[in-house]
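Reading through the structure tokens given below for one structure.
Every number in this text was worked out from the coordinates using simple rules, so none of it is lab data. Being a predicted model, the structure only gives us computed values, none of them experimental. Cβ coordinates were reconstructed from backbone atoms using ideal geometry, including for glycine residues, and neighbour counts include every protein chain displayed.
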Amino acid sequence: MDTAKRLYRRLDALFGELPPRREQAKHLELFLEEGFARLRVDLRLLGGLLYAERRDGFALVSAVGAVDGPPAEMLDPSRAPLVEVIDHRVYIFGNPDADDAPHHLGLLPRAAAAGLAVGRSPRRFCLFFLLDEGWEMDELDFALNTIRAALDARLVDARVRGSFREAAEIQRSLLVEAPPVFPGYDIACHSLATEEVGGDFYDFHDLGTDVYGFSIGDASGHGLPAALLVRDVVTGLRMGIEREFKITHVFERLNRVIHRSRLSSRFVSVFYAELEQDGNLFYVNAGHPPPILFFRERRLGQPVDRELTVGGTVIGPLPEVRFRRGFARMHPGEVLVLCTDGILERPDASGEFFGTERLRELVVAHQGEGAQELLDRLFEAVTAHGDGRPWDDDATVVVVKRQEEPEGGSD
């Protein structure tokens, strides 16, 4: 057990020191160099070779240590010793006189050897080690299997992180960095992803002639699958809006596209609105948590806000969905708050959600402040509600406030 712990610690330290790279071959080259230097004494290693899978066989990538004579440049995967290594993932050639011994292919000198295979076809790699006198079967077998598992995990991690980085770059290129300047309105926005890429989004659309469009959405799940769904939705919305289609038709066509993408087990909620400079607001809500419009004047017995619910169901699960367009009006001093489930459903220690009532209380108490101040207060309150724990879901907020008219002005 102590031997196992020491080996794990040494491997963890080794991997932690290796610079992150996306190319799998580079990971293994660096490991062969550093790992051989650190483990050669304990494991009785004389030399090592790294081979990478190619279309016509396994090609030599690098060699370290004492490997007498030039090693084979290419290995046939249909012949021993490669067959044994690939089949077993770890194989020790203890008898140098055996028919499958590596030296029969000119791979290594006539001596005991060991090999391990990592990766998945068509990107597999094989490492061969020439063994010095004094090696022990059980110790070596355990060590090589531990190394193989660690390398496989490292390769998967590098591949996935590479995909995430690419997806994150795509997502950042699609989404706006800052809210627009729209005369007469104060706008703030922020999105927090639980992973490198997220399933939430917001977007703004300059429609000209004193009209601005804006949207917010939440794809089911998070991480890479949700981010890819966001990409399709944002692109589809932009294309439809730029072509000046009716927004209800844009949503219906977008729903058909998403449904046909074979991600019907996933869905995305979207709210889209077009705000005219005079305060008229036309919108469609496709299953999104209703944005709340907080009124300027509060009369006794009258509601202090209005939820924008008109539209239809979420996008994706059903092949054909119809949407309706809603209407609202923003007066000077009124505030529209849009958010995703990550805000409303953040739980406290007992599992109670932050909820819409806490959101209402916060906005009503600070409605006189600017959009950015309101947004900051909301994130602070929701973070505190969760006792500062890491977020379980992506969280996004957009605040739109119609500024007060100067004295003598009119709505």
Using 0.36 nm times the number of residues separating Thr209 and Phe353, minus their current alpha carbon distance, what extension gain do you get? 47.7 nm
Gyration tensor verdict on segment 175-402 (Cα atoms; rounded if a/c is under 1.5, prolate if a/b is larger than b/c, oblate otherwise): oblate
Output wanted: per-residue J couplings in Hz (rounded whole) for segment 27-41, from phi through Karplus 6.51 cos²θ - 1.76 cosθ + 1.60, θ = phi - 60°, x for Gly and Pro. 4, 6, 4, 5, 5, 4, 5, 6, x, 5, 4, 8, 10, 4, 6
Lys and Arg at +1, Asp and Glu at -1: add these up for the other residues within a Cβ distance under 13 Å of Arg40 and post the number. -1
How charged is the neighbourhood of Gly57? Take every other residue with its Cβ under 12 Å from the Cβ of Gly57, and add Lys/Arg as +1 and Asp/Glu as -1. 0
Test of the criteria: in segment 312-368, which GluC sites (Glu not before Pro) are in a DSSP loop and have at most 12 other Cβ atoms within 10 angstrom of their Cβ? Glu320, Glu352
Ranked by Cβ crowding within 10 angstrom, fewest neighbours first, how are Arg243, Arg256 ordered? Arg243, Arg256
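Counting DSSP beta bridges in segment 175-402, what percent are antiparallel, to the nearest 5? Numbers along the way, then the final one.
Values: 48 of 50 bridges.
Around 95 percent of the beta bridges assigned by DSSP in segment 175-402 are antiparallel ones.
Taking the Cβ of Gln372 as the centre, find all other residues whose Cβ is under 13 Å away and add up their charges (Lys, Arg: +1; Asp, Glu: -1).
Working: positive: Arg377, Lys401; negative: Asp186, Glu369, Glu373, Asp376, Glu380.
Charge balance near Gln372 sits at -3.
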